[in-house]
Structure formats: structure tokens, C-alpha cells
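Quick notes on the structure that follows.
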């Protein structure tokens with residue numbers, strides 16, 4: 001039986017100053033590297049959305065490893081992203097000496113092929129922080145050896161399931177998850193040794209120290225493709241910039257929903273897109289306290 005901790009409301013006040021101002025004498029190498037693995041055939045856009053979100057949340061460098069054989073070699077809408085075949089991305093930190101400030105995000109458009117499972121197995125074996133979304137979670141649910149590797153990790157791990165993915169991870173049905181959301185989120189954190197955001201209306205976050213947070217930003221207009229991919233990229237970007245996995249999770253979840261609320265106020269509810277959300281999250285992030293100040 002998991003003791004249920006006090007459910008805390010996640011507010012702007014709690015996350016507003018988590019990301020510190022940058023030194024005046026700064027360079028991109030100080031703000032980490034995000035490495036995203038996904039983008040199987042027909043789902044390349046998912047990985048690109050995560051990469052674009054990571055870039056616009058301030059990550060120093062963003063590499064995107066794509067599985068699709070016909071994947072693009074450049075994102076013409078965001079040429080700052082560095083695109084690679086997915087199989088080569090896991091060796092990149094060692095080859096470029098960026099391992100100390102790198103974070104992996106895997107699952108956005110990953111698919112569930114044997115190659116996808118192999119890449120996830122390799123990612124779970126790294127010492128870097130790791131954000132798992134979408135098909136990475138489905139693979140963990142269906143492969144006991146991947147589940148065991150996730151449990152054994154000592155580096156920070158964050159999982160971002162929606163109710164259906166949470167149900168598969170725990171052998172439940174979606175209705176059971178939705179009627180026991182707090183208990184489900186806590187059980188996921190305990191059984192998989194990770195921080196958790198259980199997505200949905202009033203997303204629930206569980207931190208590594210067992211605290212339970214409820215986020216109240218967001219609205220039904222965000223029920224659109226790619227929103228979860230954006231959140232994954234945001235979390236990874238904040239970890240790359242030096243935040244703890246838990247602080248990155250809380251900041252990203254609150255900001256993600258707040259951007260959706262801002263778009264709704266502007267009259268964009270039905271038809272809201274993940275691409276629009278990325279732009280709005282950047283705008284809100286730059287309005288946070290101390291964003292225009294420099295540390296000495």
C-alpha cells in the first residue's frame with residue numbers, strides 16, 4: 001500500500017524563478033545538449049516538434065535522431081536542429097565530449113519495432129538523464145527486460161504517460177487509472193523508479209522525493225496532436241540547462257498548460273496546434289521574473 005502524500009497545487013509562484021538568469025558572458029555550451037530519439041516513418045514530425053520545443057526553451061544544442069529511412073537531413077522550418085540517423089545518436093555524447101551536460105529524450109514517434117526496442121535499451125543503459133514518452137512507454141510496458149533496466153537506473157528518469165499508457169504500464173484499464181489518478185501516479189513512480197507526470201486535465205506530477213503535485217493550467221483546446229511531444233522537449237531542455245529533473249518537470253508542465261491558456265484567451269481554442277504552443281511557451285518563459293537580467 002502506497003501512503004498518499006499531501007496533494008499540492010502547482011502554481012506560477014512556485015516555478016517562476018526555477019530557471020536562473022544567464023551570465024552575461026555565456027555561450028551555448030553552458031546550456032546543455034538535448035538528444036531526441038524517435039521519428040519512425042509517418043511520425044517524423046513528433047521528434048521534430050520535441051526538438052523545436054527544446055531549442056526554443058533554451059537548450060544549447062539539440063540533436064534529433066530519426067528512425068525513418070527517408071527522414072530529412074535538415075528541418076527547413078528549424079535549421080538550427082541537427083538531424084541524424086537514430087542509430088548514431090547514442091554514441092554522440094562520447095564522440096563530442098558533451099556527456100556531462102547531455103540529456104536524452106526518447107519515444108516521440110519512436111514506434112515499437114525491434115530497432116526501436118534496441119535503441120531504448122541502449123538509452124536506458126546511459127548515465128544521462130532520460131525523458132521517456134509515447135512508444136518508449138509502450139515498449140517498457142510490453143518488454144519486462146526494458147522495465148527492469150528502467151527500475152535499475154541511477155540517473156534521473158522521467159516518464160510522461162497519458163492515461164492509456166499508464167494503464168498499459170500497470171496492467172490496468174484506462175477507467176481504473178482515471179478513477180485513481182493520484183494512486184496511479186504514485187505507483188508508477190515507485191514501481192519504475194522515476195519522476196512522473198500523469199497527463200490529462202489537472203496533470204499530476206510525482207517527484208523523486210515522493211511529493212505529489214496537481215497542475216491546474218491547460219484546457220481542452222490542447223487535445224491535439226503533438227502536445228505531448230512538445231512537453232517532452234521542454235522537460236529535456238530545462239534539465240540540459242542545469243535544473244534538477246523534478247524542477248524541470250514542474251516548470252515544463254505548468255508552462256505548457258499556461259501557454260495553452262494564453263492561446264485560448266487569444267481566441268485559439270478549437271484548432272490549437274503544437275507548433276503554436278511552442279511559440280507561446282517561449283513568450284511566457286521570457287516573461288518570467290529575471291529573464292532580462294544577467295548574473296555577474
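If I take all pairs of Cα atoms in the range 138-273, what percentage of them are more than 17 Å from each other? Roughly 59 percent, once rounded to a whole number. Sorted largest first, the principal axis extents computed over the alpha-carbon atoms of the range 207-296 equal 41, 33, 20 Å.
Projected over all directions and averaged, the alpha-carbon convex hull of the range 22-122 occupies 6.5 nm². Seen from a random direction on average, the alpha-carbon convex hull of the range 149-197 projects onto 3.0 square nanometres.
With both labels modelled 7 Å from their Cα along Cα-to-Cβ, the residue 173 to residue 276 distance reads 3.6 nm. Highest average first, the peptides 47-58, 130-141, 175-186 ordered by how many other beta carbon atoms sit within 10 Å of their residues are 47-58, 130-141, 175-186.
Semi-axes of the range 182-246's equivalent ellipsoid from the Cα gyration tensor, sqrt of 5 times each eigenvalue, largest first, rounded to whole Å?
Values: eigenvalues 77, 57, 20 Å².
Gyration-tensor ellipsoid for the range 182-246: 20, 17, 10 Å.
Apply the Debye scattering formula to the range 26-65, with a single equal point scatterer on each alpha-carbon and no solvent, then give log10 I(q)/I(0) at q = 0.21, 0.23, 0.29 Å⁻¹. Taking Cα atoms of the range 26-65 as identical point scatterers yields -0.58, -0.66, -0.90. Histogrammed with a bin width of 5 Å, the alpha carbon distances of the range 52-211 distribute as 2, 9, 18, 20, 20, 15, 10, 5, 2, 0 percent, first bin at zero. Normalising the Debye intensity of the range 1-80 to I(0), with uniform scatterers on Cα atoms only, and taking log10 at q = 0.21 Å⁻¹ returns -0.94. For the pair residue 25 and residue 224, the difference between a 0.36 nm per residue extended length and the Cα-Cα distance amounts to 67.7 nm.
Rounded to a whole number of µm²/s, how large is the Stokes-Einstein D of the chain at 37 °C and 0.692 mPa s, given Rh as the Kirkwood radius over C-alpha pairs? Show your work: numbers first, answer last.
Working: Rh = 18.9 Å.
Using the Kirkwood radius from Cα pairs, D works out to 174 µm²/s.
Every number in this text was worked out from the coordinates using simple rules, so none of it is lab data. Since the model is a prediction, treat every value here as computed from it, not as a measurement. Here the Cβ is made from the backbone with ideal geometry for all residues, glycine too, and neighbour counts use every protein chain on show.
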